[in-house]
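Notes to accompany the following structure.
The values are calculated or read from the model by the stated rules, or taken from the named source; none is laboratory data. What you see is a predicted model, and the numbers here were worked out from it, not measured in a lab. Note that we place each Cβ from the backbone using ideal geometry, even for glycine, and neighbour counts take in every protein chain shown.
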Amino acid sequence: MVDSNPMNKRLRNVPPKSRSLPRTIVPHRPPTASRYSGASTIPVITNLSSVMFAPAVDMVIPVAPKDLSKLPYVIESVRKYVDVCKIYIITPNPDAIKQQWSNMVVHSDAEVLPYDRYEIQYRPNWVFQQMLKVFQNVTYNDWFLVMDADIIVNQCLPLWTDARKPILYLGRDQAHGPYFGFNEQVLGFGKVYPWSFLSEFTLYSKSLVREMLQFCGLTLDEFWEKLVHITTAVCCPADSELYGSYIVHEHPGLYDVQHLVSVLGGRYNSHIWLDDEIKKEIQGSQSRNPKAHLISLHSWGDG
């Protein structure tokens, strides 16, 4: 299909940027008013060396209704194995979160990303959640870790190297063409790394997310409008594939790339896991692979 959008043609002709670090980021365009309350408040990096001295990390866990029963086990594993400041739960129905934990905040997803998900023609709930992960701005710290609500952490996972370099964890290699097609449409390039960036455990910087939007020449409102226009079964976004591709393309060497070992488990038909099922799956996964970093308890459905 021929892309008639002149913005995409312009993006493909963006000259290569300097690979030296640190460097100054010149804003592509001044911020404009947005439906998104946080769009103009995310700080822009002016010196990339400064990010090495900001290791405080918040955590974001998007929680779909089908994953509510897993949340206590997810939180327990995070508290045990991951060093984060505050945990932000983002869910369609905050009232459904009955249990409270220290240093935890619950937000409605509609407040965090105030766009109509049903404008999206393909897998609207799933695509909305992908964008929620990237563009949230409710966390206090610039750095935030996103983990899915059906993942149990099974080993200590540091977020920084000894040299205070952020770690980009990669999951199973999934060369899914529609994700690269979406990146081509919005970033101007597709696959940039020999391994997929898809991961259920990704460390983001709000400053770098804002910079990515500026690189695209888009406000968040414009990004959303473009997403609605181009998302189909053969062109759709994945949060970590989008962010990881941009980071490696524009800031090679900024992150230390490491691979996760995961035990994949799940049920179909958006299965609601019971406590006994969760405990049995965790114990079985730990027996099968005690060195696994993550254990998944998926509830696969159409989204």
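Only residues that are part of a helix (DSSP H, G or I), crowded, with 16+ Cβ neighbours inside 10 Å and not aliphatic (A, V, I, L, M) were counted in the range 110-124, giving 2. Within the range 160-168, can one find any residue that is touching a Ser or Thr at 6+ places or on another chain (Cβ under 6 Å) and either in a loop (DSSP other than H, G, I, E, B) or farther than 17 Å from E200 by Cβ (or both)? Taking every residue of the range 160-168 in turn, none turns out to be touching a Ser or Thr at 6+ places or on another chain (Cβ under 6 Å) and either in a loop (DSSP other than H, G, I, E, B) or farther than 17 Å from E200 by Cβ (or both).
Considering S207, S287, which residue is touching a Pro at 6+ places or on another chain (Cβ under 6 Å), in a helix (DSSP H, G or I) and more than 24 Å from A64 (Cα to Cα)? Matching residue, one of S207, S287: S207.
Looking at the range 111-145 only, could you name the residues that are among the hydrophobic types (A, V, I, L, M, F, W, C), under 18 Å from K66 (Cβ atoms) and at pLDDT 95 or above? Matches in the range 111-145: V127, F128, L132. Taking each residue of the range 123-144 that is on the phi > 0 side of the Ramachandran plot and looking for partners that are of a type outside the set (G, A, S) and in a loop (DSSP other than H, G, I, E, B) with beta-carbon atoms closer than 9 Å, six or more apart or interchain, yields R123/T231; R123/C236; R123/D302. Under the condition of being free of Cβ contacts under 8 Å to residues at least 24 places away in the same chain, of a type in the set (G, A, S) and either crowded, with 16+ Cβ neighbours inside 10 Å or over 29 Å from D221 (Cβ atoms) (or both), the residues counted in the range 77-109 number 1.
For (1) crowded, with 19+ Cβ neighbours inside 10 Å; (2) more than 22 Å from L132 (Cβ to Cβ); (3) modelled with pLDDT under 95, each residue gets a yes or a no:
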site	(1), (2), (3)
M147	yes, no, no
K165	no, yes, yes
Q185	yes, no, no
G188	yes, yes, no
W195	no, yes, no
T202	yes, no, no
G217	no, yes, no
H229	no, no, no
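T46 fulfils the conditions (1) within 28 Å of L213 (Cα to Cα); (2) polar (S, T, N, Q); (3) at pLDDT 95 or above except for a single criterion, (3).
Collect the residues in the range 216-230 that are touching a residue at least 24 places away in the same chain (Cβ under 8 Å) and either closer than 14 Å to D116 by Cα or touching an Asp or Glu at 6+ places or on another chain (Cβ under 7 Å) (or both), keeping them in residue-number order. L220, D221, F223, W224, K226, L227, V228 - these are the residues of the range 216-230 that are touching a residue at least 24 places away in the same chain (Cβ under 8 Å) and either closer than 14 Å to D116 by Cα or touching an Asp or Glu at 6+ places or on another chain (Cβ under 7 Å) (or both).
The set of residues in the range 158-180 that are closer than 30 Å to I278 by Cβ and over 17 Å from the mean Cα position of the chain (by Cα) contains only P158. Here E222 clears all of (1) modelled with pLDDT of 95 or more; (2) among the charged types (D, E, K, R); (3) surrounded by 18 or more Cβ atoms within 10 Å (Cβ to Cβ) except the condition numbered (3).
Taking the stated definitions as given, is F180 modelled with pLDDT of 95 or more, aromatic (F, W, Y) and in a loop (DSSP other than H, G, I, E, B)? Judged against the criteria, F180 is not a match.
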